[in-house]
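The values are calculated or read from the model by the stated rules, or taken from the named source; none is laboratory data. Since this is a predicted model, take the numbers as computed values, not measurements. A quick note on method: Cβ atoms are made from the backbone with ideal geometry, for glycine too, and the neighbour counts reach across all protein chains shown.
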Amino acid sequence: MKTNTKSKKVNKAWLNDHVNDTYVKLARKEGYRARAAYKLKEIDEALGLIRPGQLVVDLGAAPGAWSQYLRRRFAPAKAGSGGAAVGELDGTIIALDLAELEPIEGVRFIQGDFHEPATLAELQAALGGRAVDVVVSDMAPNLSGIAASDSARMALLIELALEFALINLKPTGALVCKVFHGSGHSQLVELFKKSFRVVKPIKPKASRDKSAETFLVGIGPKKR
């Protein structure tokens with residue numbers, strides 16, 4: 001049986017980079033499930049989006065690093081530096097993902113497909129008519145390797161997150177959304193500009209240089 005030597009070399013190189021990654025090591029040390037926590041942390045520290053007492057919706061939450069960060073931001077000051085992963089919580093976090101999420105104390109999790117009306121209805125029911133302070137979306141489709149198809153599927157997820165945010169955010173609320181540079185990126189930026197009073201594109205240091213990943217932050221939704 002033939003083996004794909006090139007593929008093995010690529011996988012070995014990726015694994016080596018991953019193991020030696022500064023943010024991977026930091027995540028292990030600080031108890032985060034993934035290095036992605038530091039992407040949201042950097043965005044939050046730059047723009048001051050997350051504050052105790054808020055209602056935040058985490059879309060594409062698995063494996064849970066962003067919800068962990070939010071939970072620590074909502075921990076009282078007496079919990080110590082960086083907050084706490086368990087115990088008292090000043091704020092509400094509702095997480096959603098198609099994949100399973102290992103429970104995080106105080107985080108309400110909804111498992112379902114964000115494309116499906118039934119999932120959206122469950123999410124709306126969880127909100128209980130309350131307006132949302134911040135929506136964070138790390139959603140991304142399973143990539144097929146076909147650029148045009150992957151771009152279209154990513155754009156659809158972003159548009160769904162944007163629609164949800166515009167319906168549910170407070171007038172001062174914010175949406176943090178993962179996007180990718182490539183086909184359709186400029187159109188998404190324009191869509192954000194039409195939808196929010198302030199738009200900030202951010203490439204966190206925790207986002208790998210080789211990745212096309214970046215984030216758009218919209219603050220102050222305009223009337224739909």
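Take the conditions (1) exposed (fewer than 14 other Cβ atoms within 10 Å of the Cβ); (2) in contact with a helix residue (DSSP H, G or I) (Cβ under 9 Å, 6 or more places away or on another chain); (3) among the acidic types (Asp, Glu); Glu213 misses just one of them, which is (1). The condition (being surrounded by fewer than 14 Cβ atoms within 10 Å (Cβ to Cβ) and either more than 21 Å from Ala36 (Cα to Cα) or out of contact with any Lys or Arg (no Cβ under 7 Å at 6 or more places or on another chain) (or both)) is satisfied by just one residue among Lys178, Lys194: Lys194.
Checking Ala161 against (1) of a type in the set (A, V, I, L, M); (2) at pLDDT 95 or above; (3) more than 19 Å from Leu98 (Cβ to Cβ), which test does it fail? With (1) of a type in the set (A, V, I, L, M); (2) at pLDDT 95 or above; (3) more than 19 Å from Leu98 (Cβ to Cβ) applied to Ala161, the lone miss is (3). Going through (1) surrounded by fewer than 13 Cβ atoms within 10 Å (Cβ to Cβ); (2) under 19 Å from the mean Cα position of the chain (by Cα) one by one, Phe109 falls short only on (1).
Being closer than 15 Å to Ile93 by Cα, modelled with pLDDT of 95 or more, in contact with a Lys or Arg (Cβ under 6 Å, 6 or more places away or on another chain) and in the same structural domain as Gly91 (by TED's automatic domain parsing) is not true of Ala125. Just the residues that are closer than 12 Å to Val135 by Cβ and either outside any loop (DSSP other than H, G, I, E, B) or not assigned by TED's automatic domain parsing to the domain that holds Asn168 (or both), please, taken from region 53-66. Those that are closer than 12 Å to Val135 by Cβ and either outside any loop (DSSP other than H, G, I, E, B) or not assigned by TED's automatic domain parsing to the domain that holds Asn168 (or both): Leu55, Val56, Val57, Asp58, Leu59, Trp66.
Does Val217 count as touching a residue at least 60 places away in the same chain (Cβ under 8 Å), within 20 Å of Asp44 (Cα to Cα) and assigned by TED's automatic domain parsing to the domain that holds Gly129?
Working: touching a residue at least 60 places away in the same chain (Cβ under 8 Å): yes; within 20 Å of Asp44 (Cα to Cα): yes; assigned by TED's automatic domain parsing to the domain that holds Gly129: yes.
Taking the combined requirement at face value, the residue satisfies it.
Suppose the filter is more than 24 Å from Ala46 (Cβ to Cβ) and crowded, with 19+ Cβ neighbours inside 10 Å; does Ala147 pass it? When the stated conditions are applied, Ala147 does not pass them.
List pairs: first residue in region 122-144 and closer than 17 Å to Met154 by Cα, second residue surrounded by 13 or more Cβ atoms within 10 Å (Cβ to Cβ) and among the basic types (Lys, Arg) anywhere in the structure, Cβ distance under 6 angstrom, at least six positions apart or on different chains. Sorted first by the residue in region 122-144, then by its partner, the pairs are Asp138/Lys178; Pro141/Arg153.
Within region 41-61, the set of residues being closer than 21 Å to Ala140 by Cβ, in contact with a helix residue (DSSP H, G or I) (Cβ under 6 Å, 6 or more places away or on another chain) and among the β-branched types (Val, Ile, Thr) comprises just one member, Val56.
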